[in-house]
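A.B. asks: Sharing a structure, written as structure tokens. Questions coming.
The values are calculated or read from the model by the stated rules, or taken from the named source; none is laboratory data. These numbers come from a predicted model, not from an experiment. Note that each Cβ is placed from the backbone with ideal geometry, even for glycine, and that neighbours are counted across all protein chains shown.
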Amino acid sequence: MKKVLLEALVVAAVGAIVAFAANALSPRGLRLTQDYFHGETLPVARAKTNRTAVVATGTNAAEDPVIERLKEKGLQVVNGEQAQELFHDPLYEQGAIIFIDARNDEHYLGGHIPGAYQFDNYHPENYMSTIFPLCQSAQKVVIYCNGGNCEDSQFAALTLRDAQVPNGKLFVYTGGISDWTNRGHAVEIGERNSGRTQK
């Protein structure tokens, strides 16, 4: 029995060493010292609210658990109409307003807001050298993910804020790409500025 337990411990130890080594060598490996959740705990299930009405009107934000959660973190929010206005603002063409997609490669390449930059929150080291200077020079930074209960945009905004991007510039588009496509707006397929769009 002791021999079996010893062998099991050796196998577990070797497995852990191999796993940590593979994580350290992988370009998509997790940084074990980074707080990916920013002290966030998953909320207890709450009663559903009429989210569409709240976001569209911008009233009674405290009734929407997503908006409430973001505001508790000190983050500003924009709804679908405001996101569309910012997208069509001449400052967007000048780079003074930027959109950031906080989703992973698969989702980003599958369709993002045209001209949006990617910033996968789980691998910020791959994007920070590009995104940080853009955020510093921009007047407004609109960050989105899938929308609704997706928290990637929140974590991306907190990561950028922790990197000293002024909080006053950061806005989370609560509806995200789901709201964007539901409103009939085109998305860009593939890399940023690929020129390939679809509705």
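A.B. asks: Quick check on region 162-190: of everything there that is farther than 14 Å from F87 by Cβ and hydrophobic (A, V, I, L, M, F, W, C), which residue is surrounded by the most Cβ atoms within 10 Å (Cβ to Cβ)? Steps first, please.
C.D. replies: Let us first name the residues in region 162-190 that are farther than 14 Å from F87 by Cβ, namely 162-170, 172, 174, 178, 182, 189-190.
Going one step further and asking which of them are hydrophobic (A, V, I, L, M, F, W, C), we end up with 163, 165, 170, 172, 189.
Values: A163: 13, V165: 19, L170: 23, V172: 29, I189: 15.
Selected residue: V172.
A.B. asks: Please name all residue pairs, on different chains or six or more residues apart, with Cβ atoms under 9 Å, provided the first residue is in region 125-149 and is over 21 Å from Q84 (Cα atoms) and of a type in the set (G, A, S) and the second residue is in a helix (DSSP H, G or I) and at pLDDT 95 or above.
C.D. replies: none
A.B. asks: Would you check if there is a residue in region 119-130 being part of a helix (DSSP H, G or I), touching a helix residue (DSSP H, G or I) at 6+ places or on another chain (Cβ under 8 Å) and buried (at least 23 other Cβ atoms within 10 Å of the Cβ)? Give the steps one after another, and end with the answer.
C.D. replies: First, the residues of region 119-130 that are part of a helix (DSSP H, G or I): 124-126, 128-130.
If we keep only those that are touching a helix residue (DSSP H, G or I) at 6+ places or on another chain (Cβ under 8 Å) as well, we get 124.
From what's left, buried (at least 23 other Cβ atoms within 10 Å of the Cβ): none.
No, there is no match, as no residue in region 119-130 is part of a helix (DSSP H, G or I), touching a helix residue (DSSP H, G or I) at 6+ places or on another chain (Cβ under 8 Å) and buried (at least 23 other Cβ atoms within 10 Å of the Cβ).
A.B. asks: I'm trying to understand the selection: among the residues of region 66-110, which are closer than 17 Å to A138 by Cα, acidic (D, E) and touching a residue at least 12 places away in the same chain (Cβ under 8 Å)?
C.D. replies: Correct list: D101 only.
A.B. asks: So G148 ticks every box in (1) assigned to a helix (DSSP H, G or I); (2) in contact with a Gly (Cβ under 9 Å, 6 or more places away or on another chain) but one. Which box is left unticked?
C.D. replies: Checking G148 against (1) assigned to a helix (DSSP H, G or I); (2) in contact with a Gly (Cβ under 9 Å, 6 or more places away or on another chain), the one that fails is (1).
A.B. asks: Is it the case that Y92 is in the same structural domain as L70 (by TED's automatic domain parsing) and modelled with pLDDT under 95? Reasoning before the result, please.
C.D. replies: On the way: in the same structural domain as L70 (by TED's automatic domain parsing): yes; modelled with pLDDT under 95: yes.
Spelling it out, Y92 is indeed in the same structural domain as L70 (by TED's automatic domain parsing) and modelled with pLDDT under 95.
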